[in-house]
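See structure below.
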Amino acid sequence: MSDCLFCRIVARQTPAQFVYEDDRAAAFKDVNPQAPTHVLIVPKKHISSLAEASDEDAELLGHLQRVACRIALEHSLTKGFRVVTNNGRGAGQSVDHLHYHLLGGRAMTWPPG
Ligand code: 5GP
Ligand code: ZN
């Protein structure tokens, strides 16, 4: 989708600091990091949100989480890390292209606000 920010980043039409890419997924640093490590993991295929994913996307969703874990290990987040997706405006979703936040490098509190 040409009007989608993360589709444009995936297509390299908008710059981002990539940390991972394969045929189905990409990961790049969040422009407004909330932790020392804050990476966004996205499917290359446009899916608006987790709620818009279908049963056919189940393997892709699992792959995105495996990618998040791989990046966490590469960043030596041995003390812990968080993987989260915000679904819908009420949960804080501001970009309508499914993304998992990988956060780490500082102590995390629970519950998030
Ligand atoms: P959401 O609020 O939808 O859960 O997460 C969207 C994330 O995208 C936010 O953490 C925000 O900082 C990040 N973001 C917004 N615009 C850009 C951008 O142009 N480039 C990058 N790398 N991240 C962005
Ligand atoms: Zn998109």
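The values are calculated or read from the model by the stated rules, or taken from the named source; none is laboratory data. Computed from a prediction, not measured in an experiment: that's the story for all the values here. So basically every Cβ, Gly included, is an ideal-geometry build from the backbone, and we count neighbours across all protein chains shown.
Which of the residues spanning region 1-18 are more than 11 Å from ligand 1 (Cβ to nearest atom) and either touching a residue at least 40 places away in the same chain (Cβ under 8 Å) or under 13 Å from Tyr100 (Cα atoms) (or both)?
First, pick out the residues of region 1-18 that are more than 11 Å from ligand 1 (Cβ to nearest atom): 1-4, 7, 10-13.
Matches in region 1-18: Met1, Cys4, Cys7.
Put simply, of Ile9, Ile47 the only residue that is in a loop (DSSP other than H, G, I, E, B) and either touching a Pro at 6+ places or on another chain (Cβ under 9 Å) or of a type in the set (Val, Ile, Thr) (or both) is Ile47. For region 6-18, taking the residues that are exposed (fewer than 15 other Cβ atoms within 10 Å of the Cβ) and over 18 Å from Val67 (Cβ atoms), the one that is nearest to ligand 2 (Cβ to nearest atom) is identified as Ala11. A single entry from Val83, Val67 fulfils the requirement of being in contact (Cβ under 8 Å) with a residue 12 or more places away in the chain, aliphatic (A, V, I, L, M), surrounded by 13 or more Cβ atoms within 10 Å (Cβ to Cβ) and assigned to a helix (DSSP H, G or I): Val67.
Could you pull out the residue among Glu21, Glu56 that is under 20 Å from Cys69 (Cβ atoms) and either modelled with pLDDT of 95 or more or near ligand 1 (Cβ under 10 Å from one of its atoms) (or both)?
Values: Glu56 fails: under 20 Å from Cys69 (Cβ atoms).
Sole residue among the options that is under 20 Å from Cys69 (Cβ atoms) and either modelled with pLDDT of 95 or more or near ligand 1 (Cβ under 10 Å from one of its atoms) (or both): Glu21.
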